[in-house]
Each structure stands twice: as C-alpha cells, then as structure tokens.
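Single-structure report; data block below.
The values are calculated or read from the model by the stated rules, or taken from the named source; none is laboratory data. Being a predicted model, the structure only gives us computed values, none of them experimental. When we count neighbours, we look across all protein chains shown, and the Cβ atoms used for this are built from the backbone with ideal geometry, even at glycine.
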Amino acid sequence: MQSSRLLFGVAVIIAVLVASGGGLLWLWMGSSNTAPIPAEQDRQLAQQLLRDEPLSITLYYPHEGMLATESTVVKRQPDTQSLARAALEALFADQRVALEPVLRDIRLRELYLDGSGTAYVDLTPGARKDVRASAWEEQLAIYALVNTLLQNFEEIKQVRLLLDGTEAQTLAGHIDLSRTFAKRMDLVKQ
Amino acid sequence: MRTLFALMVLCSLSLPVNAGAVGNGLTVNSVRHASYATFTRLVFEIEAAAPYVLIRSTDGRSVTLSSYDGPFLLKTPLPMVRDSVVLGLELRVEAGRTVVGVRLDGTAGAVKDFVLRGPDRIVIDIAKGAAAPVPVPALPTKKQTVIVLDPGHGGKDTGSVASQGVEKTLALDLALAIRNSLQKDPHLKVVLTREKDQALTLDERAAASNAAGALLFVSIHSSTGTGSRVFIQDLLDEPEPQTVRPVSGDFLGYEAGSEQKELLWGRQQAAHARESGVLGRELARQLVGQDSAEPVQAPLALLKAVDAAAVMIETGMDTDRAQAAAAIVKGIERYVREN
C-alpha cells in the first residue's frame, strides 16, 4: 500500500516536471520568434540611418547662356511628390538662381504628381508681377525646372507648368505652357 | 435692356434637342477659345443639345450664358481668356441660376451665336469693333509673295528693358527697316502685324499672318548682349491633332467648316516644319555669319498657330541694327528665291 502511494507520488512529480519543462520550452520558442535577431536589427538600423541621411540631387540652373549643374542635398521625404517639391525649393533658394531672369521673378507655389507620372509645377509671380525675359532666357528657366525634376526622379515622366493654379499661355511672353515638357539635355553646358 | 434672350430661346427651342434633354439642364464638358483677326470665338462643348439663354448686358460690357431649363453644370475649369475684346470668363450665380459671364472690352462689337453638332457645341463669336487693333491686309496680287513681319511685344508689354532701349521699340524699328528694304522688290508684299506701339495677343499675330496668306512669317525680338538667335518651333511631343466626326447637319444650318478648322488652331505650324527649318537655317547663317549656324528649337506659343514657314529672331541689343536688318533681308530674299 505504501509502495503504491510512493509510486503515485513519483508519477505526479514526473508529470509536473514534464509539464513545466514543456511550458518553459514553449515560452522559449515563442520568445525566440519575436525577439530581433542581429541581422534584422542591423537592417532596421540601416533604414533609420538612411531616412535621416540627406538625399543628393542635381540642380540645373541657367548660367552664362546655358544650363549648368550643381549637386546639393535635400532632406529625405516620405514620398516622391514631397521630394520633388524639396528639390525645386532648393533650386529657387540657390543664390545663383536668385540672379537669373525669370526664376528670380517667380516662386514655387505647389507641386503635384499624378498617377501617370506628370508633375504639375504651380508657380506664382514674385513681388514684380510682370516677368520680363528674352525667349532664350525663358526657355532656360523652364528647362531648369524640368531637367531638375526629370533627371532626379524616375517616377516623374513629364512636367506641366501652371501659373497661380491655372493654365497660362506663357511665363514671359514666348514659351508655350499649354504643353507637357520633357527634359532637354542639349541645353546643358558640356 | 439690350437682350438677346427672346431670340436665343426661340432659336434654341427650334433645335433638334435630344430626347429628355429639356429639363435636364446644360452640361458643359469643355470650353475653348480662339482669337481671329476680326472676332474672338468661344466654344462650349456640351454633353447633349439643350436650350440655352444668352444675354448681353445693357452697357454691352458682358454676356452671360446659362441653361434655359434645369441646372447648368460646368465640368471643366474656365480657360483664361484675355484679348482685345474678351477680358475674362467667370462662373457665377445670378438670381439663383448658375451662369458663365464673359466680360467684354468697350470695343467689342456684335455677339453672334450658333450651335454645331458632332460633338454638340455652342459657339459664340464676338466681333472686334470698329477700332479693331489688327490690320486686315488686302489680299496680294497673284504674283506677289506675302511676307509677314511681326514686331514683338507692344503696348503695356514692353519686353526687355535695357540701357540700349525698350524691346518693343527696337523690334518695331527693325521691322520697319526690313520692310523698307524688301519692298523695293515689286514681287514681295510685306505686311506688319503692328505698325505702331500697340498691344496684340499672340493669337492675333498668328491670325493676321494666316489671313494675309503669308509664305513666311518672321517675329522680331531683342535680347541683351550682342548674340543673335533664330528660333523655330519645337514640334516634339506635340499632341496628335484632334479628330472631328463628320458633321451631319448643323442645328441652324450654319457652315461648320470654320469651327472645325478652329479645332486645329495651334497645330498649323506642324505642316510647315521643313520650310521653317530651311528658313531658320538661312536666317541663322546670315545673322551669325557662319555656314554651320543652326536655328534653335523651342516650344513657342506664337509660332504654333502660324500657317506658314515661321521663325522668331532675337537680335542682341548691342548688335549693329543696320547690319542685322541687312542680314535678315538677305536671308528672306534667298529663301523666297529658292523656295
């Protein structure tokens, strides 16, 4: 009778040990699935660093009768539309652009990107309401904007220019704004 | 009150209106405009034929378009229109009704309207009054070749301003000098789009050239510096011409040809790409003085509607103007002789 009670006690202890061991094993396996493994941690860290690192872009601006290029950096943005807007803001903020006909007299009002890859660049005149420039200066100013967008963002396929939110015939009396613009690399100084 | 209301209602009620259109109002899908030598045309493309009301104000300074019965729905933004007779379009509400208002200049003449089908559209022509700014040239005699010279800018639009002068004046002086030389040849008839300091829209300049039956069109501009450039139209990426269904019969029996032609407005230059290239090359070589000189391609708002070989020239303000005039005359004469 005593030996059978002893056997029952041993069996209970064994059952308890097996159950707790299984529980511990389950807990260990579960926690090992959610805990970051070193490689994943590295990837997330790299992404974070990349988000914080400025994006290098190429600005196109009128210079000595042609378009010149200059590298600059802009803060990374969550989407291409915001990045493109930041790129043009960097162009308008450039000190050399501030001296150039047309670009010195206009400001960026807004930029929209539609699903077909058309960037709508909405411009507004600055303090001087009438923009005066030759046809060549007007052409260089427009393609400074167009090339800056199309050379830096492959999602942008073409550009349309608006004035104060509406379609306009020209910026300074010569270049047709009723069309879409593709990049013109023949205007860039080699 | 001067009004076209009664006439319009009568006219529109006599139209073969689509079944169910009455009471459904007027839906405008698109609005176009074109400025011709003698009138400005507004075209309202509508979803389905329906009666409309067109009223001219007492002082003649505005016209309103609205639906005769039912709502007026505009599915497109109104274009910016501003020329010598139309000062602008606006959508507004008058006495609870939505209308499109057309603001007119004091020189605006008679307002005519008619309706065309295929697609359905309301066409409003506003005549340029007696003080029309664009000279309508007399048709040339059979043996004369018409050359149109277009001095850039004018009126409030001065163009570039530099110590050498104002672009609008320099361009006019140069155009007059070129005309004086060319007119020595009795086979050439030279027409200027403006002969004094006056404002013209780009469409009015192109329309004057087309009305004159020009063989070639030269728009004259100036820029700072000594360099001269010759521009031709950049036709790359131009949209395909809009196709128009055959017209089976207009509502009021008007000829639709002119309106169909208007649909192609702004695409005329495409038919002259080769000639414009030849003219541009000839003038560039004469102006620059190098056989390798080539014209520059640019998407120019003016040239696209010119129905002739067409270029725009920018001469440097520091350039000797007599020499520039002589070079342009030589280039034009050579082009006329060889083409």
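Put simply, of B:THR58, B:THR76 the only residue that is within 14 Å of another protein chain (Cβ to nearest Cβ) and either more than 19 Å from B:SER35 (Cβ to Cβ) or not in a strand (DSSP E or B) (or both) is B:THR76. Quick check on the stretch B:185-213: of everything there that is of a type in the set (A, V, I, L, M, F, W, C) and under 15 Å from the mean Cα position of the chain (by Cα), which residue is farthest from B:GLY266 (Cα to Cα)? Ranking the qualifying residues of the stretch B:185-213, first place goes to B:ALA199.
The set of residues in the stretch A:97-123 that are of a type in the set (Ser, Thr, Tyr) and surrounded by 14 or more Cβ atoms within 10 Å (Cβ to Cβ) comprises A:TYR112, A:THR118, A:TYR120.
Mind telling me which of the residues A:LEU99, A:LEU163, A:LEU149, A:LEU88 ends up being within 26 Å of the chain's Cα centre (by Cα) and within 14 Å of another protein chain (Cβ to nearest Cβ)?
Of the residues listed, the single one that is within 26 Å of the chain's Cα centre (by Cα) and within 14 Å of another protein chain (Cβ to nearest Cβ) is A:LEU163.
Of all residues in the stretch B:210-237, exactly one satisfies the criterion of being hydrophobic (A, V, I, L, M, F, W, C), surrounded by 23 or more Cβ atoms within 10 Å (Cβ to Cβ) and within 10 Å of chain A (Cβ to nearest Cβ), namely B:PHE231. When the stretch B:170-209 is filtered for residues that are surrounded by fewer than 24 Cβ atoms within 10 Å (Cβ to Cβ), of a type in the set (S, T, N, Q) and touching a helix residue (DSSP H, G or I) at 6+ places or on another chain (Cβ under 7 Å), only B:SER181 remains.
Hey, does the stretch B:149-159 have a residue that's modelled with pLDDT of 95 or more, away from every other protein chain (no Cβ under 14 Å) and either part of a strand (DSSP E or B) or out of contact with any strand residue (DSSP E or B) (no Cβ under 8 Å at 6 or more places or on another chain) (or both)? Scanning the stretch B:149-159, I find at least one residue that is modelled with pLDDT of 95 or more, away from every other protein chain (no Cβ under 14 Å) and either part of a strand (DSSP E or B) or out of contact with any strand residue (DSSP E or B) (no Cβ under 8 Å at 6 or more places or on another chain) (or both), so the answer is yes. Among the residues of the stretch B:61-73, those identified as in a loop (DSSP other than H, G, I, E, B) and either aromatic (Phe, Trp, Tyr) or over 24 Å from the mean Cα position of the chain (by Cα) (or both) are B:TYR68, B:ASP69, B:GLY70, B:PRO71. Screening A:LEU67 with (1) within 21 Å of the chain's Cα centre (by Cα); (2) of a type in the set (A, V, I, L, M, F, W, C); (3) assigned to a strand (DSSP E or B) gives one miss only, at (1). Listed by first and then second residue, the pairs linking a residue in the stretch B:263-284 that is under 28 Å from B:PRO119 (Cβ atoms) and within 14 Å of chain A (Cβ to nearest Cβ) to a residue that is outside any helix (DSSP H, G or I) and among the aliphatic types (A, V, I, L, M), with Cβ atoms under 8 Å apart and 6 or more places separating them unless they lie on different chains, are B:TRP265/B:ALA34; B:GLN268/B:VAL306; B:GLN269/B:LEU235; B:GLN269/B:VAL306; B:GLN269/B:ALA310; B:ALA270/B:LEU235. The single condition from (1) out of contact with any Gly (no Cβ under 9 Å at 6 or more places or on another chain); (2) more than 21 Å from B:LYS156 (Cβ to Cβ); (3) not aromatic (Phe, Trp, Tyr) that A:SER178 fails is (1).
Quick check on B:ASP105: is it touching a strand residue (DSSP E or B) at 6+ places or on another chain (Cβ under 8 Å), closer than 23 Å to B:THR38 by Cβ and either surrounded by fewer than 17 Cβ atoms within 10 Å (Cβ to Cβ) or at pLDDT 85 or above (or both)? So B:ASP105 passes the test.
How about the stretch B:79-102: which of its residues are assigned to a strand (DSSP E or B) and surrounded by fewer than 16 Cβ atoms within 10 Å (Cβ to Cβ)? Result: B:GLY88, B:GLU90, B:LEU91, B:ARG92, B:VAL93, B:GLU94, B:ARG97.
In the stretch A:168-180, the residue that is nearest to A:ASN147 (Cα to Cα) out of those that are in contact with a Leu (Cβ under 7 Å, 6 or more places away or on another chain) and more than 7 Å from every other protein chain (Cβ to nearest Cβ) is A:LEU177.
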